[in-house]
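The values are calculated or read from the model by the stated rules, or taken from the named source; none is laboratory data. Quantities reported herein were computed from a predicted structural model and do not represent experimental measurements. Reconstructed Cβ throughout: ideal geometry from the backbone, glycine too, with neighbour counts over all protein chains shown.
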Amino acid sequence: MNYYLRMSIIFLVNMFLGTNVIYSDLTNDKNNLTKLYPEKNKSERNFVSKYQFEEGYEEAIRFIKEHEGYAGGKIYVDVAGIRTIGYGHVILATDTFTTKISKELADKLVRQDFDKAINAIERETDLTGYKKIAMAHFVFAKGIGNFTRSNLKRLMEEGKPLDEELKKWCFYRSPEGKMIRSEYSYNIRLWEIEMYNK
């Protein structure tokens, strides 16, 4: 009898604590959604990107989710030492993440971040279609500054192939000072090349 009583108490305690964790995460999501989309009321917060129906957009979102991973929705430090959450969202000073986030919020964040990259490419180039999506992904991964300072923009404006230039963006310097190719980054650049040349 004591065994069943103990197990019942453990079950009830776990159920109570689990509910609090879930409630905490949902409250956290709600607060961050309100910050991201303050102009919309609760019933209007179903985020739809203005780029949603462009060719290649959903392919890019799927690819980002696959190679970034969700990490259980928890805050983690990426290879560059940056605090990150969801599908590669860099945690900003204005973010209020305290625990983990849901996949719903992670999806909204990755779309918001990718839309910023597309906007940056639209300001800097006149690319359309898959070419715009490919370069937006590069900006999403490496930043607009790296795009404008690299030879990518010049080659693109001259109508020349970008394949070899993109492949240069998969190296890192080892502690000994040697340049080493990251196979992870190399495969991402190959995806960008394939998208750009569609």
Checklist (1) under 18 Å from E58 (Cα atoms); (2) surrounded by 13 or more Cβ atoms within 10 Å (Cβ to Cβ) applied to E194, failing item | (2)
For segment 76-115 the number of residues that are free of Cβ contacts under 8 Å to residues at least 12 places away in the same chain and of a type in the set (F, W, Y) is 1
Has segment 103-110 got any residue that is more than 18 Å from E58 (Cβ to Cβ) and either of a type outside the set (G, A, S) or at pLDDT below 95 (or both)?
-> yes
Select from segment 173-192 the residues that are among the hydroxyl-bearing types (S, T, Y), touching a helix residue (DSSP H, G or I) at 6+ places or on another chain (Cβ under 6 Å) and part of a helix (DSSP H, G or I) and list them in ascending order.
-> S185, Y186
Would you pick out the residues in segment 70-79 that are at pLDDT 90 or above and not hydrophobic (A, V, I, L, M, F, W, C)?
-> Y70, G72, G73, K74, Y76
Of everything in segment 47-69 that's in a loop (DSSP other than H, G, I, E, B), within 20 Å of L127 (Cβ to Cβ) and of a type outside the set (D, E), which residue is modelled with the highest pLDDT?
-> G56
Candidates K131, K116 - the one that is surrounded by 17 or more Cβ atoms within 10 Å (Cβ to Cβ) and basic (K, R) | K131
Give me a count of the residues in segment 142-172 that are surrounded by 17 or more Cβ atoms within 10 Å (Cβ to Cβ), in a loop (DSSP other than H, G, I, E, B) and under 22 Å from the mean Cα position of the chain (by Cα).
-> 0
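Can you report the number of residues in segment 107-132 which are on the phi > 0 side of the Ramachandran plot and touching a strand residue (DSSP E or B) at 6+ places or on another chain (Cβ under 9 Å)?
0
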